[in-house]
């Protein structure tokens, strides 16, 4: 079971994600019990995660980027970066600074997944409160149907990311994760809602191969050792 640290970057610092309401995201140091800095390299240096999911919120929102910072972090931890990919060129740029690239349905058309499929491509099914967030009409369907669309591609993994659960302590949607893990030919990584070690154990029983965590780490509910193994 992969335990992957989430690192949201905005304005040059690590911020705390809350329900996908990006205008409300504040410096992680203001709420964390495990780090006293919001500097990205400082956060990664303190937590020392084996794997890190990095969301470049500025680039996703079209307000600058953190590509140089991501490249630095890639020298410290194994990275998968969501930089708001919307084209094959965007994918290639992100691939130059990270180990793997997250292609999110919020910003990318299906054609980019087809063009850049392979072990370095990780598709994120972006959702808010169970409803798909998508640019391509092909994904404007139920999450399960969207998931099945991906079976024809070679991918490193699929992320089920419900931003409505991020930082909300909402817990795991057990029926959905179980169905998704059973139906998909790809490894399933769950993001949003993970509250505790018990939730991680539950996800493993559901058939998930990994989880993306942040709030429960910074609250001290998930020990740093689980991110380092």
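Readers should treat all values here as calculations from the given coordinates under stated rules, not as data from a laboratory. Since this is a predicted model, take the numbers as computed values, not measurements. Methodologically, a virtual Cβ is constructed for each residue, glycine included, from the backbone with ideal geometry; neighbour enumeration extends over all protein chains shown.
Any number yet on Rg/Rh for region 107-183, C-alpha, Kirkwood? Numbers along the way, then the final one.
Values: Rg = 12.4 Å, Rh = 13.0 Å.
That ratio equals 0.95.
Between residue 174 and residue 71, full extension at 0.36 nm per residue minus the direct alpha carbon distance yields a gain of 33.6 nm. Residue order for 39, 82, fewest other beta carbons within 10 angstrom first, comes to 39, 82. Our estimate of slack between residue 209 and residue 129, defined as 0.36 nm per intervening residue step minus the Cα-Cα distance, is 26.6 nm. When the inverse distances between all different Cα atoms of region 61-210 are averaged and flipped, the Kirkwood radius reads 15.7 angstrom. Between residue 34 and residue 99, the simple spin-label model (points 7 angstrom out along Cα→Cβ) gives 1.7 nm. For the chain, the 222 nm mean residue ellipticity estimated from helices alone, with every DSSP H stretch of n ≥ 4 adding -39500 (n - 2.57) and the total spread over all residues, rounds to -7500 deg cm²/dmol. Once the Cα-Cα distance is subtracted from the 0.36 nm per residue extended length, the residue 48 to residue 87 segment shows a gain of 10.9 nm. With the highest mean first, a sort of the peptides 154-161, 52-59, 133-140, 66-73 on other beta-carbon atoms found within 10 angstrom per residue produces 52-59, 154-161, 66-73, 133-140.
Of the peptides 220-229, 142-151, how do they stack up when ordered by the mean number of other Cβ atoms within 10 Å, highest first?
Working: 220-229: 14.7, 142-151: 16.6.
Top of the packing list down: 142-151, 220-229.
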